[in-house]
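Written out below as structure tokens is the structure these notes cover.
The values are calculated or read from the model by the stated rules, or taken from the named source; none is laboratory data. Please read these numbers as outputs of a predicted model, since none were measured by experiment. In this analysis, Cβ positions are derived from the backbone assuming ideal geometry, glycine residues included, and neighbour counts consider all displayed protein chains.
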Protein chains: 2
Amino acid sequence: MQIINSPVEMQQAALALRRQGRTIGLVPTMGFLHAGHLSLVEIARRESDAVVLSIFVNPRQFGPHEDLAKYPRDLERDSALCRRNGVDYIFNPPPGAMYPGYAPDRSESRSSAAASPAGYGVFLDENDISKRLCGASRPGHFSGVLTVVAKLFNIVLPDAAVFGQKDAQQAALIERMVADLNCPVKIIRAPIVREKDGLAMSSRNVYLSAAERADALCLSRALKLARRLYRAGERDCGAIMRAMAALVGKVESARIDYIEIVGAHDFKPVRDAGPGAIVAMLAVRIGNTRLIDNLPLPDDRLSNLPEE
Amino acid sequence: MQIINSPVEMQQAALALRRQGRTIGLVPTMGFLHAGHLSLVEIARRESDAVVLSIFVNPRQFGPHEDLAKYPRDLERDSALCRRNGVDYIFNPPPGAMYPGYAPDRSESRSSAAASPAGYGVFLDENDISKRLCGASRPGHFSGVLTVVAKLFNIVLPDAAVFGQKDAQQAALIERMVADLNCPVKIIRAPIVREKDGLAMSSRNVYLSAAERADALCLSRALKLARRLYRAGERDCGAIMRAMAALVGKVESARIDYIEIVGAHDFKPVRDAGPGAIVAMLAVRIGNTRLIDNLPLPDDRLSNLPEE
């Protein structure tokens, strides 16, 4: 396994693989790997000859008051996990190599509307999916996500890239970018990986105290409740959302960021959960930690939500 | 020579060329080819094994009151020229294949801030170079240019792409996109090709009446004057710009859109034409036809401006 820090070197390695006729699978991460990430690696391995796992805590997708500085990092542990799980290349660039002229104090205050710092200037944006839900709570977040993923695609030149369903809106947005910009990359969505009790795995779970860890179960419980109601025939999304909110509302440390039921493709709010594919989405702050989770319906397989 | 209309087919042809180890040169055009375009083809042929010339009158880079509908088109003539000049593939997609859901009436009113039409949603934008000069006169224009060029790069997968110096701001912006988004494409700038009397070649020159054709010489004459002053030691950009404006102002059919002297890399206004590389840029309306031209200094080779 090779660790590459330079975008130019990574691109040259990718071009060399391509010339040898080998296919490349990309797993983009922000590091601090858990079993969820390793499930993406497993899929990338099945799909391609060489697996590149990128570790980049992308400053462009963090808002000014978010957890960029304290986001958990452990390259040594990540490297060991990658080595054991068949990753061929870790791509781990410093922020200044991805965004020339990058300075932490300036970039953190970037919104998609603000003038760009000197040295870096081109951004991707989207008006339809990215302005709702997490995009509404985190202005500029998805512009940062699209921009870094477009860069990673150009640097790593993957045949396939694997994204987790946990970030359902991100996955949908990237599928849209790939369709709209004709990226020559196959996007694979991987099911959510959960702790035994149902909590969706996330690098941010390390922020939780023991008490908060227990409270954090309200996300998956709210989704189980939504599924129970849906299976019992409830199709009024307002009623389902109110029941979810009532459940979360009983947890003292929980503050709801959003609870919404949206169309699975356009992420627009749905009133009547008719025959179409929908997703129940929620973002909840447990203390200072913002967690997200979701449940696609009627086919809930990608959610991996335990049966009760 | 093959004419391909479908983005998917074009991408498959490009992937096949890549698998054969053949390099691809791209010449992006809006068709109605002239000697300027053919000079780009010549460079692409020297640079690569296979030459793809795209013909696409990109609706996203036209404003609501611009000449999208009447922009000159002649695919038959273009094909004959391409065949004679060693083009291997013409890529000529319909607008609906590039922008799913495209409807002429809606797309013409798109600005980069407006909500996107259903079916297409991802755009590239830039804050530093693209908002000045032509970007100020034509809001949304360069977002449309960057978006379509990013799409063409993903569809045609070129090793090299050739852009003309006539659109100097566009070329600089694309060089910036390639650097910022790590596009695996070498950008080559080709010198301006001019009529014998100095008029820069442009597909829009066909709009000019005989009288306007004569008046249109004021652009290259203003640049010649700028060069004369610069060579005589003038370094006050204000003085040079005023002299250019006075020359253009004497032509009755001419309305100045902008006359500016800017840094060759950042396109920011320059007051003092010191030792650095600068570009004298102008956009002038002759009757209803908007023409542009430019002169890099001190090295003026890319401008091909005749000596007096």
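Some points to look at:
Okay, residues lined up against (1) buried (at least 22 other Cβ atoms within 10 Å of the Cβ); (2) at pLDDT 95 or above; (3) at positive phi:
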{"residue": "B:Arg45", "(1), (2), (3)": "no, yes, no"}
{"residue": "B:Phe56", "(1), (2), (3)": "no, yes, no"}
{"residue": "B:Phe91", "(1), (2), (3)": "yes, yes, no"}
{"residue": "B:Pro100", "(1), (2), (3)": "no, no, no"}
{"residue": "B:Pro104", "(1), (2), (3)": "no, no, no"}
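- Among the residues of region A:180-204, just one is among the polar types (S, T, N, Q) and not in a loop (DSSP other than H, G, I, E, B), namely A:Ser203.
- Conditions (1) more than 9 Å from chain B (Cβ to nearest Cβ); (2) under 16 Å from B:Lys151 (Cβ atoms): number failed by A:Glu126: (1)
- If you go through region B:17-28 and pick out every residue that is outside any helix (DSSP H, G or I) and more than 16 Å from B:Asp167 (Cβ to Cβ), you end up with 6.
- Exactly one residue among A:Ala273, A:Ala264, A:Ala243 is within 19 Å of A:Gln169 (Cβ to Cβ), surrounded by 15 or more Cβ atoms within 10 Å (Cβ to Cβ) and over 23 Å from the mean Cα position of the chain (by Cα), and that residue is A:Ala273.
- Within region A:29-47, the set of residues being touching a His at 6+ places or on another chain (Cβ under 9 Å) and either β-branched (Val, Ile, Thr) or under 14 Å from A:Ala160 (Cα atoms) (or both) comprises just one member, A:Thr29.
Rundown of residues vs (1) at the interface with another protein chain (Cβ under 9 Å from one of its Cβ atoms); (2) part of a loop (DSSP other than H, G, I, E, B), yes/no style:
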site: B:Gly135; (1), (2): no, no
site: B:Phe142; (1), (2): no, no
site: B:Leu152; (1), (2): yes, no
site: B:Pro158; (1), (2): no, yes
site: B:Ala171; (1), (2): no, no
site: B:Arg176; (1), (2): yes, no
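- Scope region B:229-240; condition surrounded by fewer than 20 Cβ atoms within 10 Å (Cβ to Cβ) and either of a type outside the set (Lys, Arg) or in contact (Cβ under 8 Å) with a residue 40 or more places away in the chain (or both); matching residues: B:Leu229, B:Ala232, B:Gly233, B:Glu234, B:Asp236, B:Gly238, B:Ala239
- So B:His65, is it touching a residue at least 12 places away in the same chain (Cβ under 8 Å), on the phi < 0 side of the Ramachandran plot and not hydrophobic (A, V, I, L, M, F, W, C): no
- Considering region B:178-215, and only residues there that are among the basic types (Lys, Arg) and more than 14 Å from every other protein chain (Cβ to nearest Cβ), the residue that is nearest to B:Cys134 (Cα to Cα) turns out to be B:Arg204.
- As for region B:215-228, it holds no residue that is free of Cβ contacts under 8 Å to residues at least 40 places away in the same chain and over 20 Å from B:Gln165 (Cβ atoms).
- Screening region A:29-53 for residues that are of a type outside the set (A, V, I, L, M) and assigned to a loop (DSSP other than H, G, I, E, B) and picking the one that is farthest from the other protein chains (Cβ to nearest Cβ) gives A:His34.
- Enumeration of residues in region B:273-298 that are assigned to a loop (DSSP other than H, G, I, E, B) and free of Cβ contacts under 8 Å to residues at least 40 places away in the same chain: B:Gly274, B:Pro275, B:Gly276, B:Ala277
- Comparison of B:Leu68, B:Leu81 shows that the only residue that is away from chain A (no Cβ under 14 Å), modelled with pLDDT of 95 or more and closer than 19 Å to B:Gly140 by Cα is B:Leu68.
- Given (1) over 22 Å from A:Leu291 (Cβ atoms); (2) not in a strand (DSSP E or B), number of the condition A:Tyr71 does not satisfy: (1)
- Residue count for region A:16-28 under the criterion of being surrounded by 14 or more Cβ atoms within 10 Å (Cβ to Cβ) and at the interface with chain B (Cβ under 8 Å from one of its Cβ atoms): the result is 1.
- Inclusion of A:Ala50 among residues that are under 23 Å from the mean Cα position of the chain (by Cα), of a type in the set (Gly, Ala, Ser) and under 19 Å from A:Pro93 (Cβ atoms) is warranted.
- Filter result for A:Asp293 (among the charged types (D, E, K, R) and more than 20 Å from A:Gly198 (Cα to Cα)): no
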